[in-house]
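Undergrad: Starting off with a structure, shown below.
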Amino acid sequence: MRVGASVELSVGKLIVGDGRVLEDVEVGVLGGAIREVTKSGLEESYADALDLSDMYVMPGLFDAHVHVRYGVKPDPEERSNEYQAVRGAENARKALMSGVTSLADAGGIRNVAFAVRNAINDGVALGPRMFVSGEMITMTGGRSKKPGFRLEVNGADSARKVARGLLMYHGANFIKLGATGAISSPHTGPRHPQLTVEEMRACSEEAHKCGKKVHAHCYGEEGISNAIEAGADVIVHGQTLTDDHIATMKERGMILMPTLKTFCGHLEHLDEGGVHARIITTGIWEETEPNFRKAHGRGVTISMGTDAGMPDNLFGDNPRDLEYMVEWGMTTEQAVQAGTLNAAKSVGVEDRLGTVEEGKYADLIFLREDPLEEISAIRTSLERVMLNGALIDPKSTPFL
Ligand SMILES: [Zn+2]
């Protein structure tokens, strides 16, 4: 990844990412990192200066749940892993051009997303920082009727071995667990529990030993209970949260990743049937908004996560996730924090990302309009992206 120049930014309004807003501040950027943020004059001297006094500057978005390997529609024929890696790199680039400077890929196939991450890190491809779980860990047949298509485990020892392989061989940045069936796997019931507490606990222990987080895909109540008991850090989807779940999540500082963009997107494509219609036929849709409002209303930490890559869930449209959050009761400040600091927390990298503060990576977006007035300003008024201190003009690199 390219390291940006030495530059000082004069910022009209700085949205820090943790709820604070600072006016008329200067930000010094050097070596890809934020060197200083001050209202009283920069201490260092910088080679270049940028006047952003009429701009709104905030941390780049962090979309903490995507699948880069997928196309917009299900593939008419099976695509090779190599093909999916090329598509993954292009999907990641599209996300970057919409203001997403960090992506977490939460379940791919084989080593595709690792390859995309490594290529971006090496400067072979242009894309956001990527945090990759590798394949989702599931029970046998949990996500596919095709044998061996996923990392299938049976029993705690087998789960532990697979988690160790992901973490040690591939440098997985977090672990993704299949705690229940899924809408996108029609042979399963989304509410049916899948991995056992023992299997998930073994994976959590291995992830936590090396400081990594555990994300659990859950729809049904029993699966959520199992994931919490097993030590998961993030509940993904989570439509059936009970009062007890919410109390425990708050107590432990767990995160809910409601993936609103994918559910609201399905609703707009119901006439196409398939996975879109299954959000209705499984009863998942009717639980989505009340569940989100309840969890948010009671103070559960909520993170951005679009599930981009699922059918008709486009890369490049990622900021919409925050717009749905605001439609369903969040303030714009809370939505910004969900898309920055909280998402960084979900993969345990809030010491390096998620806010505009000294010592963090210089991953910023510059907006012409105020996202705290209208959250869609992130999508509609993006002027520049700064990644690792390097400036990118999203308007000069059009989408395919
Ligand atoms: Zn997903």
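The values are calculated or read from the model by the stated rules, or taken from the named source; none is laboratory data. Given the structure is predicted, the values throughout are model-derived calculations rather than measurements. Counting neighbours? That spans all protein chains shown, and the Cβs are built from the backbone with ideal geometry, glycine included. Remember, those area values only see protein heavy atoms, side chains included, never the ligands or the DNA or RNA. Shrake-Rupley method; radii C 1.70, N 1.55, O 1.52, S 1.80 Å.
Undergrad: Can you give the Rg to Rh ratio for region 16-98, taking only C-alpha atoms and Rh from Kirkwood?
TA: Reported Rg/Rh (Cα atoms, Kirkwood Rh): 1.17.
Undergrad: Rounded to the nearest 500, what is the chain's calculated 222 nm mean residue ellipticity when only DSSP H runs of at least 4 contribute -39500 (n - 2.57) each, over all residues?
TA: That calculation yields -9500 deg cm²/dmol at 222 nm.
Undergrad: Considering only protein heavy atoms, what is the solvent-accessible area of Glu221 at a probe of 1.4 Å, reported in Å² to the nearest 10?
TA: Accessible surface of Glu221 is approximately 100 Å².
Undergrad: Hey, how many Å between the Cα centroid of region 256-298 and the Cα centroid of region 174-208?
TA: Here the answer is 19 Å between Cα centres.
Undergrad: Using only Cα atoms, locate the centre of region 107-144 and the centre of region 323-353, then give the distance between them in Å, rounded to an integer.
TA: The distance from the Cα centre of region 107-144 to that of region 323-353 comes to 22 Å.
Undergrad: Further, regarding this structure: At a 1.4 Å probe radius, carbon and sulfur cover how many percent of the accessible area of region 61-346?
TA: C and S fraction of accessible area: 50 percent.
Undergrad: How much accessible area does Trp285 have with a 1.4 Å probe, in Å² rounded to the nearest 10?
TA: 60
Undergrad: By what distance, in whole Å, do the Cα atoms of region 210-326 stretch along each of the three principal axes, largest value first?
TA: Result, largest extent first: 41, 29, 27 Å.
Undergrad: Okay, next question. Just read off the accessible area of Lys39 with the full protein assembly in place, 1.4 Å probe, to the nearest 10 Å².
TA: 140
Undergrad: For Arg20, put the label point 7 Å out on the Cα→Cβ axis and report which residues of region 43-77 keep their amide N under 17 Å from it.
TA: It comes to 43, 57-60, nothing else.
Undergrad: Once you order the gyration tensor axes a ≥ b ≥ c over the Cα atoms, which shape class does region 306-353 get: rounded for a/c under 1.5, otherwise prolate or oblate by comparing a/b with b/c?
TA: Oblate, since a/c reaches 1.5 and b/c is not below a/b.
Undergrad: How many Å³ per residue does the convex hull of the Cα positions in region 56-124 occupy?
TA: Hull volume normalised by residue count: 92 Å³.
Undergrad: Something else now. Going by average Cβ neighbours within 10 Å, how do the peptides 101-111, 206-216 rank, with the highest at the top?
TA: My ranking of the peptides, most packed first, is 101-111, 206-216.
Undergrad: Could you work out Rg/(2.2 N^0.38 Å) for the chain, with Rg from alpha carbons only?
TA: So the chain has a normalised radius of gyration of 0.95.
Undergrad: Another question, if that's okay. Just to check, using Stokes-Einstein with a Kirkwood Rh over alpha carbon pairs, what's the diffusion coefficient of region 262-315 at 20 °C and 1.002 mPa s in µm²/s?
TA: 176
Undergrad: Also, quick follow-up: Any chance you could run the full-extension gain for Glu251 through Val72? It's 0.36 nm times the residue separation minus the Cα-Cα distance, nm to one decimal.
TA: 60.6 nm
Undergrad: Count charges around Gly220 for me, please; just the other residues with Cβ under 13 Å from its Cβ, Lys/Arg as +1, Asp/Glu as -1.
TA: -2
Undergrad: Okay, next question. Residues with beta-carbon under 9 Å from that of Leu353, excluding Leu353: net charge, scoring Lys, Arg +1 and Asp, Glu -1?
TA: For residues surrounding Leu353, the net value is 0.
Undergrad: Another question, if that's okay. I'd like to check one number: the per residue accessible area of the chain, probe 1.4 Å, reported in Å² as a whole number.
TA: That works out to 39 Å² per residue.
Undergrad: Return the FRET efficiency for the residue pair Asp271, Arg110: r is the Cβ-Cβ distance, R0 is 25 Å, and the value is rounded to the nearest 0.05.
TA: My answer for the efficiency is 0.15.
Undergrad: Over region 89-247, how many percent of alpha carbon pairs lie in each 10 Å bin up to the one with the longest distance?
TA: All Cα pairs, binned at 10 Å, distribute as 12, 39, 34, 15, 1 percent.
Undergrad: Sort Thr240, Thr140, Thr259, Thr281 by heavy-atom solvent-accessible area, probe 1.4 angstrom, most to least.
TA: So the residues, ranked largest to smallest area, are Thr281, Thr140, Thr240, Thr259.
Undergrad: What is the spin-label model distance, in nm, from Glu373 to Ser158 if the labels are put 7 Å beyond Cα along the C-beta direction?
TA: With each label point 7 Å from Cα toward Cβ, the separation is 5.8 nm.
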